[in-house]
């Protein structure tokens with residue numbers, strides 16, 4: 001009996017690549033022997049709703065879109081208490097998570113990977129009552145991720161548009177005062193940017209050395225960027241971020257933990273997986289160890 005696959009596609013992602021290719025992708029899965037049912041999103045949280053309402057009818061789930069679409073599917077899987085293999089065909093403007101997992105943007109290669117169903121369990125994050133796949137963030141590049149319009153992202157490409165938009169914000173030097181508790185340390189300062197992640201790439205611009213990140217160790221990585229006091233400090237911060245040297249810089253804090261409690265001086269905006277999520281006061285972020293069965297290339301298990 002053929003396996004039943006739930007295929008969720010965001011038709012607006014990647015210059016509307018999802019809309020143009022949705023039928024072809026479904027046909028590729030059928031050629032691989034799958035019983036494929038296609039679901040197209042129209043509104044925010046549609047992917048979460050599809051998984052909650054229909055996920056139990058399938059053997060595995062695949063989605064095509066950007067990181068926001070993947071976030072919605074992950075929320076659906078966890079909220080419905082499912083433990084199904086999840087495949088991802090990246091079609092967004094930055095695809096941070098796909099980059100960390102060494103996935104291909106080529107549709108045929110992505111379908112081949114999903115059809116092989118080599119599963120690697122990876123951690124997920126919980127931000128208060130909402131789940132995320134790879135990043136929760138506040139501050140400078142957080143505003144960039146959801147304030148850069150989709151039209152600009154599509155025209156210029158995700159990485160370039162984030163950099164261009166972020167550079168204009170750097171000169172405003174808006175900061176947020178945060179007091180943050182991990183399992184063993186506390187941090188307090190005025191921060192330009194902060195992120196708690198399970199990824200080697202953020203916004204398509206900021207990248208960790210892959211040796212710093214283990215995506216199924218039950219720990220999330222935290223980076224905090226302090227407010228620079230002069231151009232030399234700002235240059236030092238940017239150089240460290242762009243060259244993956246986030247440890248050893250006095251203006252950058254880096255730590256790992258399975259739990260973070262965050263107390264902002266005022267309500268702060270947050271982004272989950274690159275999409276605006278919350279304006280909140282105190283919050284708690286936890287790591288859910290190996291919660292997602294993620295389909296990866298055979299050599300990345």
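The values are calculated or read from the model by the stated rules, or taken from the named source; none is laboratory data. None of these values were measured; they are calculated from a predicted model. So basically every Cβ, Gly included, is an ideal-geometry build from the backbone, and we count neighbours across all protein chains shown.
Just one of 158, 166, 204, 218 is at positive phi and either modelled with pLDDT under 80 or in the same structural domain as residue 103 (by TED's automatic domain parsing) (or both); which is it?
Numbers: 158 fails: at positive phi; 166 fails: at positive phi; 218 fails: either modelled with pLDDT under 80 or in the same structural domain as residue 103 (by TED's automatic domain parsing) (or both).
Going through 158, 166, 204, 218 in turn, the sole match is 204.
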Problem - Residue tally, condition buried (at least 18 other Cβ atoms within 10 Å of the Cβ) and outside any strand (DSSP E or B), over the stretch 252-276 - result: 2
Exercise for the section: Tally the residues that are free of Cβ contacts under 8 Å to residues at least 60 places away in the same chain, assigned to a loop (DSSP other than H, G, I, E, B) and surrounded by fewer than 19 Cβ atoms within 10 Å (Cβ to Cβ), restricting the search to the stretch 174-214. Expected result: 4
Handout entry: Qualifying residues in the stretch 41-67 (those that are at pLDDT below 95 and surrounded by fewer than 16 Cβ atoms within 10 Å (Cβ to Cβ)) - the one nearest to residue 292 (Cα to Cα)
Key = 45
Handout entry: Flag if residue 189 is touching a strand residue (DSSP E or B) at 6+ places or on another chain (Cβ under 9 Å), under 21 Å from residue 66 (Cβ atoms) and at pLDDT 85 or above
Key = no
Exercise for the section: Determine which member of the set 71, 75 is part of a helix (DSSP H, G or I), at pLDDT 95 or above, in contact with a strand residue (DSSP E or B) (Cβ under 9 Å, 6 or more places away or on another chain) and at negative phi. Expected result: 75
Exercise for the section: State whether the residues of the stretch 235-245 include one that is in a strand (DSSP E or B), surrounded by 15 or more Cβ atoms within 10 Å (Cβ to Cβ) and assigned by TED's automatic domain parsing to the domain that holds residue 137. Expected result: no
